[in-house]
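The values are calculated or read from the model by the stated rules, or taken from the named source; none is laboratory data. Just so you know, these numbers come straight off a predicted model, no measurement behind them. Cβ placement follows ideal geometry from the backbone for every residue including glycine, while neighbour counts extend to all protein chains displayed. These area figures cover heavy atoms from the full protein model, side chains too; ligands, DNA and RNA do not enter into them. Shrake-Rupley method; radii C 1.70, N 1.55, O 1.52, S 1.80 Å.
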Amino acid sequence: MTGAGTEAGAPPLLEVEDLSVSFNTRRGVVRAVDGLSYTLDRGEALGIVGESGSGKTVGSLSILRLFGLFDDVTVTGAVRFEGRDLLRLSETEMSRVRGGQIGMIFQDPLTSLNPVMPVGEQVAESLRFHTGASRDAARRRTVELLDRVGIPDAANRYHELPHSFSGGMRQRVMVAIAVACEPKLLIADEPTTALDVTVQAQILLLLDELRREMGMALIVITHDFGVVAATADRVLVMYAAQPMEHCPTDHLFQRANHPYTEGLLRLVPRFEHRAHKRLRPIEGQPPALTEPIAGCPFEPRCTHAVDRCAAERPPPVRLGPSHHSACWLAEERARRETAPDKPWEQP
Amino acid sequence: MTGEVLSVRDLVVRYRSHDGQPFTAVNGVSLDIGPGETFGLVGETGCGKSTLARAALKLTPFQSGQVRLLGRDLAELDGRELRKLRRRCPMIFQDPRGSLDPRMNVGRIIGEPLRVHDLAGRRDREAKVREMMELVGLPDELFDRRPVQLSGGQQQRVGIARALITEPGLVVCDEPVSALDVSIRAQILNLLADLRDRLEVAFLFIAHDLAVVRHLSDRVGVMYLGRMVEEAPVEDLFAHPRHPYTQGLVAAILHADTGGHERLQLVERLAAGEIPSLLDPPAGCAYQTRCPYATDDPCRIVVPAAEVVAGAADGEDRSHRVACHHWAEIPAPATTLEPGR
């Protein structure tokens, strides 16, 4: 278990501080990320969990300053990677960081790969750009990498185009590209959502092994607590662009504090559940991100809400060395006699 | 076989690939669904689960086998009778928005099956639509809205209301919650469970996610590469999966709990590699290329027949069946779902 604590004196690998991202669209200003802060140590794995529109993806792609087609975007706060604020780098400097020191994997490998370029060359291209390796050296290293990520007959499949690979094999190629330059941080955005369940397990296992072998830090963005449980040391739960709870993964399953986290955990399959168990859904819908929210964004759906929740935004309350919950009732909830060690059980 | 809602025997569906190569999408599958029963059909990409459902409604032709739907043999029906039968067997789809006509309002979409099949006049139709909206939890004021103005969960409720308005005998749900967020997914699963209990309608519930199927199904069938590899009552399947593939699928349910890493390793051991191409299926058992227990003889030579694992006391067709040569010798994996309290 790698905690949130940093070694004395050494700065964390990644420090995101009060990051806010908003897009100016025809329908008004959309706040995609609102006040996100966290740190990540070397070799540590963080799971960022949330539903659609929670800001989990934008928050993470902001590290790489990838905003898609939106050019009218306002970013405030800081993203310090090894002490350098990435938001202040020039585009040229940034392109050395992307794919070099920070690798990335996306949900859909088919749209992320160049359809008319042999897969091997796509890996080699990244190696040559970032490490200045010769053509031959890059090719040899690429075959090793493809072999390592589990592409059978890697030397021959080097020359094939992405469409002749299965979804799982394409995602393995994406992993090879992402780790080719031995990045210090790998960002994986829903890396297995489009894959079959047995293949999902294989890819998650591969990411976990590579992280340990290469000493990479990992950010896994997912909607699935199961993915977090299998890959992450710590977890950050986001809702409506804001961080709700941040804690070690094993705390999450024993001492989840935030009502939203608790609500989500009730919906995850568990050994203890019997079949046909009735689910207790979180009623209602997430708020529109174009409307200003004065208080806690979860307040309209929260069964524990008090008057203050609608009026004032709760700050992150520190409940332990690496456990924060943005809830006005956090301390009270943490003291409960019947701690939610089994929040999934019916009352 | 009387009283069966759906009875499929030795169904074979063959297609041609885009370059004309023939392949078998469904290969000798049988299943039965009784009145009010929910049958969960699971499997990964290309296993034939959606093709099987489509063939059961004769939306896609089949090459051999027999399908009896709501007491009628599909082979004996002409086009008109088939259409009449199908209106009692609606489908609910994965993409709620894509399956709703964007130009129609909610009221019209839900009432459309009544209009198409000429089951009710305009006035009756509107009353029935409003009744159905209440049943699926859609506020009355949404009657005049268009699909784009609804959330994903509301759109799926519209799809469900439209499916149920003809008082169906069998509802086919193809991945009905896969596109929804976790908190919304639970709302829809609860709604489907309520409707199943209240309306006594039978469901054929198709999903790639065993955890979802577990919430709703009475029986579960697991398909792999066009074949049914295991079929059992839901608790039995999850507590005692016999087929190595089912064991892998059960282990692949990612729990929000510690021990995730060990489970991933178990999945990789039970379901190594990838699904072979349907265009070039392996000889013998379809699963032999990924199976840790496969032997040259008989697994790579003979297709395993379905064997009964344990029959229920009443001797009815409630048994646990598995198509594996070695099922009796395979150890139970350490991580399976024990029946809950």
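How far is helix A:167-179 tilted, in degrees, relative to the longest principal axis of the Cα atoms in chain A, given as a value from 0 to 90 rounded to the nearest 10?
Relative to chain A, helix A:167-179 is tipped by roughly 80 degrees.
Would you list which aspartates and glutamates come within 15 Å of B:K49, measuring only between C-alpha atoms, while excluding same-chain residues fewer than 8 positions from it?
A:D196, B:D10, B:D32, B:D174, B:E175, B:D209, B:E230, B:E231
Quick one: grab Rg to one decimal and Dmax as a whole number for the range B:95-167, Cα atoms only, in Å.
10.9, 30
Go through A:307-316, A:231-240, B:109-118, B:71-80 and give me the packing order, highest mean Cβ count within 10 Å leading.
In descending order of packing, they fall as A:231-240, B:109-118, A:307-316, B:71-80.
Averaged across A:228-240, how many Cβ atoms of other chains sit within 10 Å of each residue's Cβ atom? The partial results should precede the final answer.
Working: counts 3, 9, 12, 4, 1, 0, 0, 1, 0, 0, 0, 1, 0.
What the average comes to for A:228-240 is 2.
Helix A:119-131 versus the longest principal axis of chain A: what angle, 0 to 90°, nearest 10, using Cα atoms?
80 degrees
Between A:Q122, A:Q242, A:Q171, which gets the highest mean-square fluctuation from a Gaussian network model of chain A, Cα cutoff 10 Å?
A:Q122
Tilt of helix A:135-148 relative to the longest C-alpha principal axis of chain A, in degrees (0 to 90, nearest 10)?
50 degrees
Show the residues, 5+ positions off or on another chain, whose built amide H is closer than 5 Å to the amide H of A:V235.
HN-HN under 5 Å from A:V235: A:G47, A:C247, A:T249.
Pick from A:L87, A:L265, A:L279: which is most flexible by mean-square fluctuation in a GNM of chain A where alpha carbon atoms under 10 Å apart are linked?
A:L279
Just counting partner chain Cβ atoms within 10 Å, what average do the residues of peptide A:284-292 show around their Cβ?
Average per residue, whole number: 2.
Identify the residues of the range A:287-320 with backbone N under 20 Å of a label point that sits 7 angstrom from the Cα of A:D18 along the Cα-to-Cβ direction, or state none.
Within reach of a label on A:D18, which here means backbone N under 20 Å from a point 7 Å along Cα→Cβ, the range A:287-320 contributes A:293-297, A:312-318.
Which of these, A:A32, A:A45, A:A294, has the largest mean-square fluctuation under a Gaussian network model of chain A (Cα springs below 10 Å)?
Answer for the Gaussian network model of chain A: A:A294.
Sorted by average packing, counted as other Cβ atoms within 10 angstrom per residue and highest first, what order do B:34-41, B:92-99 take?
So the peptides B:34-41, B:92-99, ranked by packing, come out B:34-41, B:92-99.
Between the alpha-carbon centers of the range B:69-101 and the range B:7-45, tell me the distance in whole angstrom.
Comparing the Cα centres of the range B:69-101 and the range B:7-45, I get a distance of 16 Å.
Quick one: which residues, 5 or more positions from A:I105 or on another chain, have an amide H under 5 Å from its amide H? H modelled 1.01 Å from N in the peptide plane, none for Pro or chain starts.
Correct list: A:I187, A:A188, A:D189.
Checking buried surface per residue: for the range B:250-292, which residues lose a minimum of 50 Å² accessible area in the protein assembly relative to the chain alone (1.4 Å probe)?
B:L254, B:H255, B:A256, B:D257, B:H261, B:L264, B:E268, B:E274
When every alpha-carbon pair in the protein assembly as shown is counted, what percent end up more than 36 Å apart?
Within the protein assembly as shown, distances greater than 36 Å cover 45 percent of Cα pairs.
Show me, for the range B:87-97, the HN-Hα J-couplings you get by feeding each phi into the Karplus relation (A = 6.51, B = -1.76, C = 1.60, θ = phi - 60°), rounded to Hz, glycine and proline as x.
5, 8, 9, x, 10, 10, 10, 5, 9, x, 5
With both bridge residues required to lie in chain A, what share of the DSSP beta bridges run antiparallel, to the nearest 5%? Don't skip to the end; give the middle numbers.
Numbers: 30 of 49 bridges.
If we restrict to bridges inside chain A, about 60 percent are antiparallel.
Could you state the accessible area per residue of chain B in Å², with a 1.4 Å probe and every protein chain left in place?
Solvent-accessible surface per residue comes out at 43 Å².
Taking B:K128 as the anchor, which lysines have their alpha carbon closer than 24 Å to its alpha carbon, excluding any fewer than eight residues away along the same chain?
Within reach: B:K84.
Taking amide hydrogens as modeled 1.01 Å from N in the peptide plane, which residues meet the under 5 Å criterion relative to A:A32, leaving out close sequence neighbours?
A:V21, A:S22, A:F23
Pop out the ³J(HN,Hα) list for the range B:21-36 in order, Karplus 6.51 cos²θ - 1.76 cosθ + 1.60 with θ = phi - 60°, rounded to Hz; leave Gly and Pro as x.
Per-residue couplings from phi come out as 7, x, 8, 9, 7, 10, 10, x, 9, 10, 7, 10, 10, x, x, x Hz.
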